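Asks: Here you go, one structure.
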Amino acid sequence: MRLADIDLLDPRAFGAGPPHELFARLRREAPVHLHTREQGPPFWVLTRHQDVVRVSRDVAGFSSARNGVFLDEQPEAVRGPGRTTLVNLDPPDHTRLRGIVGKAFTPAAVGSLAQRIRTLCTVTLDRISERGECDFVREVAAELSLAVLADILGFPDAEDRRRVHRLTKLLGDPLEQAFPDVTMRATLQLFEFAGDLAAWRRTDPGDDLVSVLTQARVDGEPLTTRQFELFFLLLATAGHLTTQYLISGAMLAFFQHPAQWYRLIDEPGLLDTGVDEILRWVSPVMQFQRTATRDVELGGRRISEGDRVAMYYVSANRDETVFENPDRFDLARSASSQVSFGAGGPHHCLGNNLARLEIRILFEELARRMPDLEPVGPAEHLGSTFVNGIRSMPVRFTPTPPVRRRPRG
C-alpha cells in the first residue's frame, strides 16, 4: 500500500482494533504525514511520541477551539452544540470552566473514593458471580464505570443509570453514529435528563458534582443552561464510555497475554505501576485534533497556520524510541511516559486519577475472585476510528457465591 492510499478514517482499518502495523510504518517512513480525504480538509497525522507531546503542550501554537478536537466532519446539527464544550475550548475559557470541577478530580479527592469504588466493584461482580458467565463489556466494564459515574454525579436510581447507559451507548457506537438524527436525539435526551437532575439538586443539594455545577459561578455568573448541559454530556461520555473501553481493553490484553494475568494473581501490587502499562497498551482514545495558529515545522515538514493536525496517542504509545519492545504487554514495565490521557498541557484528561483507581481496584478484585476468568469466543470490536473500544466479549469463570448477601424477602 502506498502512503497516499492510507485511510485512517476508514472504519474497516480498525475492525480488529487499532492497525498497529500501519502506525509502525508511518512512524518509520512518514511520522508527520499529510492525510487527504474525499470530503473535508486534509490533516497531518502525527505518530511519534515527541511530536504528540509537543503539540499537546503548545496550546498557543495549536488550538482546540478553532476547528474542535474531532476529526470527523459532523453535521452542523450535531457539531454546533458541542463547540463550547470543555474539550473544544482554549485558555482562558477552558481554564475558567475546568476549574469548576477540577478539585473533585485531584489525587486526594479521588483517593477518598477508594472504598466506595471497591464496594461498587463488589456489587458489580456479585451480580454475575453465581452464573459463571457474562458479557464482560456489558455486565462488568459498562456496569462499573456507570455505577461510579452515577455515584459521583448523584443519580443513584437504577432506572436513571439504565437511561444514561442507553443514551451514551448510542453516542459511542459507530453503528449508531451513521445516523445523525439518532445521535442528536440521544444528545437532547441527555440534556433533558441533566436538566431534571439540576432542578432537583438546586432544591436539594448534595456532595455530588451536579450540585457543584448548579452552584458554580464563572465571572460571577451561574453556568448557562447550555454550559451545564455540555458539562454533563462530557462527564457522562468521557467518565463512562472511555473508562468502559479502558476496562474492556485491559481484560482483552490479559486474555491475549495470560502469563501477565497469572503474574497479576500472584503479585497484585504490580497494579501500582502496571496501570500505566494498561493505559499504554489500550489507548482508549486514539486521537484528537488541533489546528495550527501559526506556521511551524514538525518532523521536517512545514505545518502552515490553519492546518489541522491529529495527535495519534495510540501510535505514540507504541513508539520504539520511547518504549522498548512496545508490542509486548508487560505489567512490570515503567510506562509513565504513556500519553493515553493526553501528553500534558491544560487538556490532560480531567478524570485520569479516577480511571486509574477504577482499573486498579477492579482488577485486584477480578484476580482475587475470578482467577480462572477466560474468553468464550472472540471479542467484537467497535471498529471506530476514534476510540479503541469493544462492543461485546463473552467470558466464563467458576461460579462463586456473592460476597454481599442479598436481603431476604
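Quick note: the coordinates plus some simple rules give every number you see, no bench work behind them. Model, not experiment: these values are computed from the prediction. Cβ coordinates were reconstructed from backbone atoms using ideal geometry, including for glycine residues, and neighbour counts include every protein chain displayed.
Asks: Which listed residue (299, 214, 132) has the Cα farthest towards the positive end of the charge dipole for the chain, taking +1 on Lys and Arg C-beta and -1 on Asp and Glu C-beta about the Cα centre?
Replies: 214
Asks: Using the Kirkwood formula on the Cα atoms of the range 3-396, what hydrodynamic radius do you get, in angstrom to one decimal? Walk me through the intermediate numbers first.
Replies: On the way: mean 1/r = 0.0463 Å⁻¹.
By the Kirkwood definition, the hydrodynamic radius is 21.6 Å.
Asks: Now a separate question. Determine, at each q value in 0.18 (inverse angstroms), the log₁₀ of I(q)/I(0) that the Debye formula gives when each Cα of the range 300-409 is one equal point scatterer.
Replies: Here the Debye-derived log intensity ratios amount to -1.32.
Asks: Hey, in the GNM for the chain with a 10 angstrom Cα cutoff, which one of 220, 300, 344 fluctuates hardest?
Replies: Taking springs between Cα atoms under 10 Å, the residue moving most is 220.
Asks: Return the single residue from 314, 376, 123 with maximal mean-square fluctuation; model: Gaussian network over the chain, springs between Cα atoms under 10 Å.
Replies: Residue with maximal mean-square fluctuation among 314, 376, 123: 376.
Asks: Next question, about the same structure. Using a Gaussian network for the chain with springs between C-alpha atoms less than 10 Å apart, which of these wobbles most: 129, 64, 56?
Replies: Evaluated over the chain, the most mobile residue of the options is 129.
Asks: Gain in length, residue 127 to residue 96, computed as 0.36 nm per residue apart minus the alpha-carbon separation, to one decimal in nm?
Replies: Value of the extension gain: 7.0 nm.
Asks: Considering only DSSP states other than H, G, I, E and B, which chymotrypsin sites (Phe, Trp or Tyr not before Pro) in the range 167-213 qualify as loop sites with at most 10 other Cβ atoms within 10 Å?
Replies: Counting only loop positions with at most 10 other Cβ atoms within 10 Å, none of the chymotrypsin sites (Phe, Trp or Tyr not before Pro) in the range 167-213 qualifies.
Asks: What dipole magnitude, in Debye to the nearest 20, does the range 355-409 give about its Cα centre under +1 on Lys/Arg Cβ and -1 on Asp/Glu Cβ?
Replies: 440 debye
Asks: Can you give the convex hull volume per residue for the Cα atoms of the range 10-132, as a whole number of Å³? Mind dumping the intermediate values first?
Replies: Details: hull volume 26.9 nm³, N = 123.
Each residue corresponds to 219 Å³ of Cα convex hull volume.
Asks: If you don't mind, there's one more thing I want to ask. For every helix of n ≥ 4 consecutive DSSP H residues, a contribution of -39,500 (n - 2.57) applies; sum these over the chain, divide by its total residues, and give [θ] at 222 nm rounded to the nearest 500 deg cm²/dmol.
Replies: On the way: 17 runs with 185 residues, N = 409.
About -13500 deg cm²/dmol.
Asks: Which FRET efficiency value, to the nearest 0.05, is calculated for residue 294 and residue 185 with the Förster distance at 45 angstrom and r the Cβ-Cβ distance? Walk me through the intermediate numbers first.
Replies: Working: r = 40 Å, r/R0 = 0.89.
Efficiency at R0 = 45 Å is approximately 0.65.
Asks: Here is a further query. Given a Förster distance of 25 Å, report the FRET efficiency between residue 257 and residue 336 from their Cβ-Cβ distance, rounded to the nearest 0.05.
Replies: Working: r = 20 Å, r/R0 = 0.80.
In this case the efficiency is close to 0.80.
Asks: Another question about this same structure. What are the DSSP H helices in the chain that stretch 15 Å or more along their long axis, judged by alpha-carbon atoms, and whose average Kyte-Doolittle hydropathy comes to at least 0.5?
Replies: 142-153, 225-236, 243-256
Asks: Specify the longest stretch of the chain that does not include any exposed loop site, a site being one of the trypsin sites (Lys or Arg not before Pro) with a non-H, G, I, E, B DSSP assignment and at most 16 other Cβ atoms within 10 Å. Show your work: numbers first, answer last.
Replies: Working: sites that count: 2, 37, 66, 131, 294, 328, 404, 405, 408.
Excluding the exposed sites themselves, the longest stretch runs over 132-293.
Asks: Right, next: Using a Förster distance of 35 angstrom, determine the FRET efficiency expected from the C-beta separation of residue 162 and residue 305, and round it to 0.05.
Replies: Given R0 = 35 Å and the Cβ-Cβ separation, E is 0.15.
Asks: Moving on to the next point. Can you compute the charge dipole magnitude of the range 3-396 about its Cα centre, using +1 on each Lys and Arg Cβ and -1 on each Asp and Glu Cβ, nothing else charged? Give it in debye, rounded to the nearest 20.
Replies: In total the dipole reaches around 540 debye.
Asks: Something else about it: Pick out, from 108, 269, 92, the residue whose Cα sits farthest towards the positive end of the charge dipole of the range 3-396, with +1 on the Cβ of Lys and Arg and -1 on the Cβ of Asp and Glu.
Replies: Projecting each Cα onto the dipole axis, the largest value belongs to 92.
Asks: Continuing with the same structure: With a point put 7 Å past each Cα toward its Cβ, work out how far residue 372 is from residue 119 in nm, to one decimal.
Replies: About 3.2 nm, to one decimal.
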